[in-house]
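The structure under discussion appears below in the form of structure tokens.
The values are calculated or read from the model by the stated rules, or taken from the named source; none is laboratory data. As the structure is a computational prediction, the values presented were derived from the model and not from experiment. Cβ sites come from the backbone with ideal geometry, for glycine too, and all protein chains shown count toward neighbours. Ligands, DNA and RNA are excluded from the accessible area calculation, which covers all protein heavy atoms including side chains. Shrake-Rupley method; radii C 1.70, N 1.55, O 1.52, S 1.80 Å.
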Amino acid sequence: MVDPDPSLAAHLRAEHPSFSFEFFPPKDDEGEEVLWRTISELEPLDPTFVSVTYGAGGTSQERTVRITARIAEQTQMRAVGHLTLVAQSKGEIESVLKHYAAAGIDHVLALRGDPKGGPRAVWEPTLDGMDHAIDLVELAGDLGGFCVGVAAFPEGHPDAESIQADADVLVAKANAGAEYAITQLFFRPSDYFSLVDRVQALGCDIPIIPGIMPILNFAQVARMAELSGADLPREVLDQIEPIADDKAAVRAKGIELATQLCRDLLADGAPGLHFITLNRSKATREIFETLQAEGRVRD
Ligand code: FAD
């Protein structure tokens, strides 16, 4: 089994904020070319880590493992592979973990995954499968050698009994061995800091990295927010709706709002920023460079 790289967990507890980028496995070769171009444009920023999401279908899952392995092998960046429980038996999930390990990937983001019918569909357990992300945290722990991260939800997961019960779940995942969490997209710093407060009140100090998704295309972000259960606050809508027909203006405002969100989060102690890139580099670079020029992230 591969040796764990303890430096990610250590880095997230260090003084300097981490910054990281999330990609998804493209469905065709053209998309993959775009992704590799994006990766080569973002690598010079020297991110703390990059991660690749895991889909519900067979080819997309293979692509995730292959792309994450290639990042680990051919770049200097720390690669985190996402892994979900959807439509797989425990044996199949264990085999993906072993593939990751064999490819030198010792960082995994352990997730339940969204139901096959979409994020708002009812979760159906798979025969011989696992039910909750915590089961995967434990499985990775049993295999050994992995640094495991998990998902967190500033506004609560849509299926959770209550926002407090959802914080209890995050603390249970930390107690089971998760070393850090990355949040769902959100737009209000107060939602993020309330989650941190709830978790800390339970005696848990797991680093919680905010997930950042700038509004570049209003319809797309509105749909993602709706699916994930994130609220698009009135104060954001009031700034976007009047310019909704002007793509360039929406993009500029989206970058301005995301940059301000990052400033607010870092100013009040968030341990880092995780950018959902949608496999493009330009917006992320623009935000990063502004924060760097202001001395908020390391040179
Ligand atoms: P869990 O921790 O299992 O929680 C799911 C629900 O069950 C929650 O409501 C929770 O409160 C409840 N729950 C958990 N444990 C218990 C318990 N023991 N008893 C009772 N209730 C419980 N999806 C993908 O398909 N692929 C990806 O690559 C992917 N990447 C993501 C990355 C990030 C940073 C985030 C935030 C989400 C990502 N997702 C991804 C989406 C995620 O899989 C879904 O939001 C999913 O619905 C919940 O996943 P989870 O890991 O939080 O599940």
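A compact table of results
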read-out	value
Boolean, Lys116 is open to solvent by 60 Å² or more (accessible area, probe 1.4 Å), farther than 17 Å from Ser51 by Cα, more than 8 Å from the ligand (Cβ to nearest atom) and assigned to a helix (DSSP H, G or I)	no
Failed criterion for Leu85 (all others in (1) at pLDDT below 95; (2) surrounded by 14 or more Cβ atoms within 10 Å (Cβ to Cβ); (3) within 10 Å of the ligand (Cβ to nearest atom) hold)	(1)
Out of Gln164, Gln184, sole residue that is among the polar types (S, T, N, Q), within 11 Å of the ligand (Cβ to nearest atom) and without any contact (Cβ under 8 Å) to a residue 40 or more places away in the chain	Gln164
Residues located in the stretch 49-66, provided they are in contact with a Gly (Cβ under 8 Å, 6 or more places away or on another chain), surrounded by fewer than 23 Cβ atoms within 10 Å (Cβ to Cβ) and not in a helix (DSSP H, G or I)	Ala56
Condition met for Ala140 (under 22 Å from Met224 (Cα atoms) and touching a strand residue (DSSP E or B) at 6+ places or on another chain (Cβ under 8 Å))	no
Within the stretch 1-30, considering residues that are at pLDDT 95 or above, open to solvent by 20 Å² or more (accessible area, probe 1.4 Å) and not in a loop (DSSP other than H, G, I, E, B), the one nearest to Met213 (Cα to Cα)	Glu22
Arg298 in a helix (DSSP H, G or I), open to solvent by 30 Å² or more (accessible area, probe 1.4 Å) and among the charged types (D, E, K, R)	no
Condition check for Ala133: within 15 Å of the ligand (Cβ to nearest atom) and open to solvent by less than 40 Å² (accessible area, probe 1.4 Å)	yes
Some residue of the stretch 127-137 being modelled with pLDDT of 95 or more and at positive phi	yes
